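The values are calculated or read from the model by the stated rules, or taken from the named source; none is laboratory data. All values reported here derive from a predicted model rather than from experimental measurement. Using ideal geometry, Cβ is built from the backbone for each residue, glycine included, and neighbour counts are taken over all protein chains shown. Heads up: the accessible areas ignore ligands, DNA and RNA and are worked out on the full protein's heavy atoms, side chains in. Shrake-Rupley method; radii C 1.70, N 1.55, O 1.52, S 1.80 Å.
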Amino acid sequence: MDIPSKYNAFSIEQKWYNYWMEHNYFHSKPDNREPYTIVIPPPNVTGILHMGHMLNNTIQDVLIRRARLLGKNACWVPGTDHASIATEAKVVARLKVQGIDKNDLTRDEFLEHAWDWTEEYGGVILEQLKKLGCSCDWERTKFTMDDDMSEAVIKVFVDLHNKGLIYRGYRMVNWDPEAQTTLSDEEVVHEERQGLLYYLEYKIEGSDQKLTIATTRPETIFGDTAICINPNDERFTHLKGKKAIVPICGRVIPIIEDEYVDIEFGTGCLKVTPAHDENDKVLGDKHHLEVVDIFNADASLNSFGMHYEGQDRFVVRKAVTKELEAAGILVKTESHTNKVGTSERTKAVIEPRLSDQWFLKMEDLAKPAIDAVLKTGEVKLFPKKFENTYRHWMENIRDWNISRQLLWGQQIPAYFYGDGKEDFVVAETREAAFKLAKEKLAASSSALATTFKIEDLRQDTDALDTWFSSWLWPMSVFDGIRNPENEEIKYYYPTNDLVTGPDILFFWVARMIVAGYEYKDERPFENVYLTGLVRDKQRRKMSKSLGNSPDALKLIEDYGADGVRVGLLLSSAAGNDLMFDEDLCQQGKQFANKIWNAFRLVQGWELDTTISQPNSSKIAVEWFNSKFQQTIVEIEDHFSKYRLSDALMATYKLIWDDFASWLLEIVKPAYQQPIDAITLKSVTTIFEDILKILHPFMPFLTEEIWHYIKERSPEEALIISKWPEAKPINETLISEFDFASEVISGLRNIRKQKNIAFKDAIGFSVVNSENVATTFDDVISKLGNLSSFNYVTEAVEGALTYRVKSNEYFIPMEGSIDVEAEIAKLTEELSYTEGFLKSVQKKLSNERFVAGAPEQVVASEKKKEADALAKIETIKSSLASLG
């Protein structure tokens with residue numbers, strides 16, 4: 001078979017992916033095997049592949065391919081998320097370019113545009129994952145807005161509402177003025193920002209007196225409905241029961257008393273704006289204050305803002321400050337650092353806003369999910385350190401605001417039949433809602449009971465939070481909500497592993513655990529592997545704005561998918577941020593070339609069935625088989641702890657060091673000489689086993705070589721072969737080889753130092769003080785090209801020498817080297833080493849140094865001393881033999 005001299009990743013990757021797809025290896029159906037299930041964290045439907053996706057999906061593919069090799073029924077469900085805020089923003093932007101205002105469209109018209117956008121750009125990321133080699137069950141691809149998925153979401157909303165867990169409330173919410181929707185508390189990022197504290201004077205009604213308040217938001221004075229003082233603050237007893245006048249707008253407001261006011265902060269007088277601050281809202285409710293909302297949905301001021309109507313809040317802040325200053329109302333300003341809430345999606349500054357919203361009560365729902373992670377260990381987080389983050393979120397959980405003022409998403413299944421806030425019913429369909437509404441109207445003896453028509457129902461215009469659909473993902477992808485007893489949900493659920501980022505530990509992971517216990521009464525997955533964030537070499541987060549995020553597909557083009565997968569995994573560590581370096585992809589590509597060249601070397605050997613197996617080859621094969629088994633134990637331990645980088649590194653070292661650098665060198669026939677049948681067969685079997693353990697990491701290269709080794713049917717493809725079986729490990733043999741390899745390295749060093757060509761056979765003697773077994777003598781003889789190998793009891797005169805532990809090895813010098821030049825060189829080396837020893841011993845004789853330096857530093861100096869003494873002894877021995 002003609003094997004190309006170079007490995008061409010591009011053509012090979014396309015060939016094998018098509019082959020795997022053609023033979024349906026990725027598809028899973030329930031059978032009698034043990035299932036192994038992963039659900040993909042669904043990326044945004046219109047997203048494109050970035051480095052985070054590359055890492056996350058490489059890890060998932062490694063796990064799923066290994067599960068296949070272990071004989072499990074591996075099922076990896078792919079899909080995408082409708083990402084309501086992000087997608088709607090993109091659709092609105094496109095409509096704007098076309099001269100269309102979203103507000104001029106009906107809901108159905110807008111959704112038509114959104115579906116067009118989704119069909120045009122959606123799913124690109126899934127096609128890109130194929131380039132990476134992801135072996136998802138593409139027949140199972142789901143989208144969170146698929147009809148069956150949306151049905152499940154609506155069914156859950158209705159069920160939770162009927163259980164009294166979903167309620168409608170007029171609450172202070174986080175308002176994103178850019179996306180013009182509410183956000184849950186978890187979607188708000190609090191940033192420390194440097195701002196100003198503005199000191200403003202308010203007149204006291206009916207007197208010349210004034211009071212001073214301090215505020216970070218002077219633009220909100222138009223919404224002030226009270227001034228609050230602490231009843232224990234003696235400075236303001238004269239203000240009790242009086243009224244103040246709000247600057248500019250002239251509103252007369254009461255001065256109220258409450259111990260909530262911090263006497264030490266600002267001036268001790270607090271302006272109360274119930275419509276625009278959560279704490280002020282609590283005070284307002286307690287003291288029955290008027291609520292004046294001064295903002296429009298886009299955070300511009302409304303008519304309460306008077307001459308600032310229509311202007312943005314931050315523009316007004318500057319302008320009103322100037323007006324207050326000109327009127328002598330602004331006393332002073334001070335620098336002030338405070339935490340500002342911003343939208344995770346749009347980065348806009350959040351505006352607290354009073355609004356009718358839908359909430360899900362979380363306290364009781366969260367309890368089984370808290371226990372599962374923190375008490376019973378039914379769900380395990382890797383790394384374990386994230387349990388503290390999980391505990392913090394879950395034990396301080398608040399009701400979840402699940403409504404969004406968006407059109408793209410599942411429309412809330414609440415239907416209004418009257419003008420009152422409570423005149424609504426919740427149902428899965430309009431028909432079911434009509435029946436319920438008729439019943440309610442009849443029960444209330446309403447005149448509408450007989451005339452009310454289905455067309456009179458008004459469905460709530462809000463959509464559900466995207467997370468309210470994705471929290472059902474491990475169940476809904478198997479239709480487990482609509483058909484809870486179907487064959488697939490019973491077979492595949494609970495799933496096994498979830499691979500995701502720690503940034504969505506609460507948004508998604510915790511909520512899935514909550515939903516799993518509520519709807520299946522069991523965990524949704526057993527293990528959660530939390531990857532780190534991908535950063536650049538300077539530890540900066542990768543982003544478009546910094547221009548430090550490589551083009552994922554370009555990396556695959558340059559280094560091959562296998563090279564990129566290796567590069568990503570070599571630079572990652574569980575839960576620790578990944579410092580991505582493109583050089584690691586180059587290392588991955590070089591590794592692929594190393595394996596390819598090793599295969600070409602083996603395939604290039606000429607077979608002679610008449611010759612017997614040399615003892616050096618026999619013992620080398622026995623050693624490698626034990627080393628291979630030892631490495632498999634190590635790899636499996638790493639996999640059990642989700643240390644995939646370490647599992648890859650152990651595989652890498654086995655192939656690069658033990659297989660290519662040692663085994664192949666030992667068994668390689670002499671130049672233009674043939675190899676025996678037993679050795680070739682053994683090496684081929686070893687190569688096949690290596691391909692099996694490497695396949696999860698480098699699927700394309702390994703499948704290509706697998707089919708080059710011999711012609712195979714689709715039933716014999718590597719992707720569905722069997723993980724190597726565990727066999728006994730000969731630890732003694734491994735230990736003996738480790739010693740022999742040091743002997744060989746010493747021989748090679750001397751040849752190199754003395755310029756003794758390898759083709760020149762040399763004599764060799766050893767004083768075997770260590771009583772080392774002779775098992776590897778033939779291997780040492782072959783790799784050292786020894787003309788003789790003698791065991792002696794005394795040092796050999798006139799020979800070069802080196803030590804391995806207490807064994808001393810001798811190489812006769814006759815004809816090998818220039819004795820005078822060697823004596824000069826050794827004398828110089830002795831002088832240098834003695835000088836070095838003196839400096840180390842001087843340090844160690846300094847009592848202050850020994851007493852004050854860290855323990856490891858002193859230990860390091862003592863090791864230097866011991867090494868220098870041993871080296872001096874060896875040099876003196878060599879000089880004596882030369883003399």
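Distance between Cα centroids, region 846-874 to region 95-157: provide it in whole Å.
About 67 Å separates the Cα centre of region 846-874 from the one of region 95-157.
Per residue of the chain, what 222 nm ellipticity follows from adding -39500 (n - 2.57) for every DSSP H run with n ≥ 4, rounded to the nearest 500?
-13500 deg cm²/dmol
Collect residues whose amide H, placed 1.01 Å from N in the peptide plane, falls under 5 Å from the amide H of I675; neighbours closer than 5 in sequence don't count.
Amide H neighbours of I675: E606, L607, D608.
Taking the Cα atoms only, what angle lies between the long axis of helix 147-162 and the longest principal axis of the chain, rounded to 10 degrees?
That helix lies at roughly 60 degrees to the long axis.
Distance from the Cα centre of region 304-333 to that of region 1-77, in angstrom?
Cα centres, region 304-333 to region 1-77: 60 Å.
Tally the DSSP beta bridges in the chain and give the antiparallel ones as a percent, rounded to 5.
Antiparallel: roughly 70 percent of the beta bridges in the chain.
Which percent, to the nearest 5, of DSSP beta bridges fully inside region 450-593 are antiparallel?
Antiparallel: roughly 20 percent of the beta bridges in region 450-593.
GluC sites (Glu not before Pro), restricted to region 555-654: which are DSSP loop and have at most 11 other Cβ atoms within 10 Å?
Of the GluC sites (Glu not before Pro), the ones in loops of region 555-654 whose Cβ has at most 11 other Cβ atoms within 10 Å are E606.
Just to be sure I follow the definition: excluding the sites themselves, where is the longest run in the chain that has none of the chymotrypsin sites (Phe, Trp or Tyr not before Pro) in a DSSP loop with at most 10 other Cβ atoms within 10 Å?
266-670
For every other residue with a beta carbon closer than 14 angstrom to the beta carbon of D423, add +1 if it is Lys or Arg and -1 if Asp or Glu, then tell me the sum.
-1
If the only charges are +1 at each Lys and Arg Cβ and -1 at each Asp and Glu Cβ, what is the size of the charge dipole of the chain around the Cα centre, to the nearest 20 debye? Write down the numbers at each step before the final one.
Values: 104 positive and 138 negative charges, 248 e Å.
Roughly 1200 debye for the chain.
I need the phi-derived Karplus couplings for region 196-212: 6.51 cos²θ - 1.76 cosθ + 1.60, θ = phi - 60°, integer Hz, Gly and Pro marked x.
Computed from phi, the couplings for region 196-212 are 10, 10, 9, 9, 10, 9, 10, 6, 8, 4, x, 7, 8, 6, 9, 10, 10 Hz.
Binning at 5 angstrom from zero up to the longest distance, how are the C-alpha pair distances of region 458-601 distributed in percent?
2, 8, 13, 14, 12, 12, 12, 12, 8, 4, 2, 1, 0, 0, 0, 0
If I compute semi-axes √(5λ) of the Cα gyration tensor in Å from the structure I just sent, which labelled value in (i) 120, 36, 29; (ii) 71, 39, 22; (iii) 49, 32, 26 lines up?
Computed from these coordinates, semi-axes √(5λ) of the Cα gyration tensor in Å corresponds to label (ii).
Please give the helix 615-640 orientation as an angle from the longest Cα principal axis of the chain, in degrees from 0 to 90, rounded to the nearest 10.
Value to nearest ten degrees: 10.
Quick one: which residues, 5+ away or cross-chain, put their amide H under 5 Å from the amide H of A74? H built at 1.01 Å from N.
Residues meeting the amide H criterion: Y36.
Using DSSP to call loops (not H, G, I, E or B), can you name the trypsin sites (Lys or Arg not before Pro) in region 162-245 whose Cβ has at most 15 other Cβ atoms within 10 angstrom?
K163, K240
Just subtract the alpha-carbon distance of A866 and A773 from 0.36 nm times their residue separation and send over the number in nm, one decimal.
Numbers: separation 93, 0.36 × 93 = 33.48 nm, distance 2.70 nm.
Gain on stretching A866 to A773: 30.8 nm.
Under the rule of at least 5 residues apart or a separate chain, name every residue whose amide H is placed under 5 Å from the amide H of T342.
For T342, whose amide H was placed from the backbone, the distant partners under 5 Å are V189, H190, E191, I350.
Leaving out ligands, DNA and RNA, and with a 1.4 Å probe, what % of the accessible surface on region 579-651 is carbon or sulfur?
Ligands and nucleic acids excluded, carbon and sulfur give 46 percent.
Of L546, L160, which has the most accessible area and how do the rest follow, probe 1.4 Å?
These residues rank, largest area first, as L546, L160.
Applying the Karplus parametrisation 6.51 cos²θ - 1.76 cosθ + 1.60 with θ = phi - 60° to the phi angles of region 726-742, what ³J(HN,Hα) value in whole Hz is obtained for each residue in order, glycine and proline being reported as x?
Per-residue couplings from phi come out as 6, 10, x, 10, 8, 4, 4, 4, 5, 5, 5, 5, 4, 5, 4, 5, 5 Hz.
Hey, can you find the accessible area per residue of the chain for me, probe 1.4 Å, expressed in square angstrom? Numbers along the way, then the final one.
Numbers: 40840 Å² over 883 residues.
On a per-residue basis, 46 Å².
Compactness ratio of region 432-513: Cα Rg over 2.2 N^0.38 Å, N = residue count?
1.71
To the nearest 10 degrees, how steeply does helix 430-443 sit against the main Cα axis of the chain, on a 0 to 90 scale?
Rounded to the nearest ten degrees, it is 40.
Determine the gain in length on full extension of the stretch E325-E522; use 0.36 nm per residue of separation and subtract their C-alpha separation, reporting nm with one decimal.
Net length gain for the segment: 64.6 nm.
Using θ = phi - 60° and the Karplus curve 6.51 cos²θ - 1.76 cosθ + 1.60, what whole-Hz ³J(HN,Hα) does each residue of region 779-793 get, with Gly and Pro shown as x?
In residue order, the calculated couplings are 5, 4, 4, 5, 6, x, 6, 8, 7, 8, 9, 10, 9, 10, 9 Hz.
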